[in-house]
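J.: Here it is, the structure in full.
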Amino acid sequence: MDTVNFDWYRVFYHVARLGSISQAARELNVSQSAVSQMIRQLEDALDISLFVRNSKGVRLSPDAEPIYTYISQAYKFIETAERRIRDQRQLNFGEVRIGAGDTLSRHLLIPHLKEFHHQYPDIHIRVINRTSEQIVQLLREGRIDLGIVHLPIDENSLSVRWLLDLHDCFMTGQRPSWSERPLHVRDLSSLPLILLEKGSVTRDRIDQYFKLNHVNISPEIELGSIDLIIAFAKIGMGVGCVAREFIANEIARGELVEVPVLPAIPARSVALVSHAQIPLSKAAEAFSSQLTLGLAKSAELRV
């Protein structure tokens, strides 16, 4: 037999399982004659008798018993596949692969991941820690579903959803005498600055800010993470520069004091990106929606 007629095997399976042609016909919603005809066609194709009639209906012939074993297993695989698809739609199963940098993972991703994992504990979450440029490459290759990156990005193959604007500010752990009045950016050159190490998107933007304002700086301390900058500033080691959104709680508690500077550093945008040609899984769609709505609610509370 060159081709497999799955309808024949479907009818065979139900007749064998129920032991009755009439019951199989009712379950399949077809006529008894249609069931009998397909059984005969399968018998002709296999050149064996599939059933033996008895007083209660039919039973498998000895030649058909091995066939039923395989067909029964196949049906179980199909049922399992259908169940997994239903579970995936109901978010009882699935995976989300997310790419994000250090700072965005710590201050943006983790709070929302906690809520998502609590709501959908059976969804497997993979987080890959990379720079924005590397995340874009991972999306091109289909190795992650979603990326949280700094804008702008020059990539036509990606779908970009704006998440929020970040406002970099200068801050310190001790209230200086001049903290009540705005400083000019040139005044910062004489202060002990605490900045990120060179090479990050954030540090590049800060350097560009000083350059555009014709100010040369020589940071007192250069660190590898925003959290370290915050920690050093808290103990009075200098004036740090981080996104105001990441230190809102510390400012509210009086642990940090913002140092107003003119002109202000231009805001930078963060976006959620995905591959425009690859559909998101149900799990990835759910996380994308929850992250977007969660950030929108947080913005409303800040206002």
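J.: Could you give me D for the chain, from Stokes-Einstein at 25 °C and 0.890 mPa s, where the hydrodynamic radius is the Kirkwood radius over C-alpha pairs? Units µm² s⁻¹, please.
T.: 100 µm²/s
J.: Considering the options Leu193, Ile221, Ala248, tell which one lies farthest towards the positive end of the dipole of region 168-266, charges being +1 on Lys and Arg and -1 on Asp and Glu at the Cβ, about the Cα centre.
T.: Leu193
J.: Given +1 on the Cβ of Lys and Arg, -1 on the Cβ of Asp and Glu, and no further charges, what dipole in debye does region 1-150 carry about its Cα centre, rounded to the nearest 20?
T.: Its charge dipole is roughly 460 debye.
J.: Using the basic label-point model (7 angstrom from Cα toward the beta carbon), what is the Asp63 to Arg89 distance in nanometres?
T.: With each label point 7 Å from Cα toward Cβ, the separation is 4.1 nm.
J.: Please state, rounded to one decimal and in Å, the Kirkwood hydrodynamic radius that region 168-266 gives when every pair of distinct Cα atoms enters the mean of 1/r.
T.: Result for region 168-266 stands at 13.3 Å.
J.: Next question. Kindly count the pairs of lysines across the chain whose alpha carbons are less than 24 Å apart, treating pairs on different chains or eight or more residues apart as eligible.
T.: Going through the chain pair by pair, I get 5.
J.: Given H placed on each backbone N at 1.01 Å, which residues far from Arg130 in sequence or on other chains put an amide H within less than 5 Å of it?
T.: Amide H to amide H, under 5 Å and 5 or more residues apart or across chains, Arg130 pairs with Ala100, Gly101.
J.: Given the Cα-Cα distance of Leu28 and Ser218 and 0.36 nm per residue of separation, how much length would full extension add, in nm?
T.: Here the segment from Leu28 to Ser218 would lengthen by 60.4 nm.
J.: Continuing with the same structure: Considering only Ala283, Ala233, Ala45, give the residue with the highest GNM mean-square fluctuation for the chain, with springs between Cα atoms whenever their separation is below 10 Å.
T.: For the chain, modelled as a Gaussian network with Cα springs under 10 Å, the answer is Ala45.
J.: Which FRET efficiency value, to the nearest 0.05, is calculated for Leu151 and Asn5 with the Förster distance at 45 angstrom and r the Cβ-Cβ distance?
T.: E(calc), rounded to 0.05, equals 0.25.
J.: How many percent of all Cα-Cα pairs in region 6-89 sit more than 15 Å apart?
T.: Here the tail beyond 15 Å accounts for 58 percent of pairs.
J.: Here is a further query. What distance in nm separates the two pseudo spin-label positions at Ile125 and Ser159, each 7 Å out from Cα along the beta-carbon direction?
T.: Rounded to a tenth, the inter-label distance reads 2.1 nm.
J.: Between Pro66, Pro219, Pro263, find the one with the highest GNM mean-square fluctuation for the chain; connect C-alpha pairs within less than 10 Å.
T.: Comparing Pro66, Pro219, Pro263 in the GNM, the peak value goes to Pro66.
Bear in mind these aren't lab numbers, they're just calculated from the coordinates by the rules spelled out. The model shown is predicted, which means the values in this text are computed figures rather than measured ones. Don't worry about glycine lacking a Cβ; one is built from the backbone with ideal geometry, like all the others, and counts go over all protein chains shown.
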